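The values are calculated or read from the model by the stated rules, or taken from the named source; none is laboratory data. Quantities reported herein were computed from a predicted structural model and do not represent experimental measurements. Here the Cβ is made from the backbone with ideal geometry for all residues, glycine too, and neighbour counts use every protein chain on show.
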Amino acid sequence: MGSLQPRRLSPGVTIAAAIVLLAIAAVFAGFLLQGPQNPPFQPSDTAWHDAMLGARNPFWDAVNLVLNWAGYTGMFVFHALLGAVLLVRRRPKMALFSVVAGVVVTLLVQVLKVVIQRPRPLDAGVFTETYSYPSGHASSTAAFVVASALLIGRAWTWLLAALGAVAMMLSRTYLAAHWLSDVVGGACLATAVVLLLWLPVQEACLLENTDARKILTWKARVSRRRQGAGPAGSAHR
């Protein structure tokens, strides 16, 4: 994982961005609460759905079956692994943030599914359960990649986060497991929640990271000195 550089976010900008993302998810949810069977954006969802069905081929079928596992079961595994790595590297607060972000997003999505009760597409290419809005795979993936980018803090992690989130959104519509608005709403919701969870803990995590780096650097120096000194009794007579 290299040297971690947790990202310090501006509260004002972050809250503004989160509000916009939540508003997008809320607009979809509001229309769906009024009519989950036929919301105003259903024609656009149907057009995207039909276009993705026309793009199917054996290679992409196989790729998306892997993403189907990665976006749900895999995300629980990835969150656990990230938390374990952070604990080993003496960053328990950062590990806790990662786990809490994943759990909060998952619970919130499941509650919204039950409340909204939007039917899924009828021709899904994989097994599906519960309801359609918001997408659990898209939200879980967004939660993980955004949390990871915040904790690692390097430019390439933000690029991978964006690519990972978009790939999962495309995958869920390719498999006809969700409508386009499901994955957009899920990704927006999860990103906003993770950003808002980060704000109150970012200073503590930044301080923890600094302290951990000092300890690990000190231990590395001590280890190098001991290796340079050689085993006891090896001095020339």
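Close contacts from the range 48-62, counting a first residue that is closer than 11 Å to Leu175 by Cα and a second that is part of a helix (DSSP H, G or I) and of a type outside the set (A, V, I, L, M), with Cβ to Cβ under 6 Å and a gap of 6+ residues or different chains, come to Met52/Thr173; Met52/Tyr174. Selection of the range 151-168 for residues being in contact (Cβ under 8 Å) with a residue 24 or more places away in the chain and closer than 23 Å to Leu96 by Cα yields Leu151, Ile152, Gly153, Arg154, Ala165. Being touching a residue at least 40 places away in the same chain (Cβ under 8 Å) and farther than 17 Å from Val109 by Cβ is the filter here; which residues of the range 69-84 pass it? Within the range 69-84, just Leu82 meets the criteria. Whenever a residue of the range 184-204 is farther than 16 Å from Leu9 by Cβ and at pLDDT 95 or above, it has no partner that is surrounded by 24 or more Cβ atoms within 10 Å (Cβ to Cβ) and among the charged types (D, E, K, R) lying with C-beta atoms less than 8 angstrom away and at least six residues away or across chains.
Does Met94 fit the bill of being among the aliphatic types (A, V, I, L, M), under 22 Å from Arg120 (Cα atoms), modelled with pLDDT of 90 or more and surrounded by 13 or more Cβ atoms within 10 Å (Cβ to Cβ)? Break it down into steps so the answer makes sense when it comes.
Working: among the aliphatic types (A, V, I, L, M): yes; under 22 Å from Arg120 (Cα atoms): no; modelled with pLDDT of 90 or more: yes; surrounded by 13 or more Cβ atoms within 10 Å (Cβ to Cβ): yes.
So Met94 fails the test.
Take the conditions surrounded by 10 or more Cβ atoms within 10 Å (Cβ to Cβ), at pLDDT below 95, hydrophobic (A, V, I, L, M, F, W, C) and touching a Leu at 6+ places or on another chain (Cβ under 8 Å) and apply them to Ile215. Does it pass? Taking the combined requirement at face value, the residue does not satisfy it.
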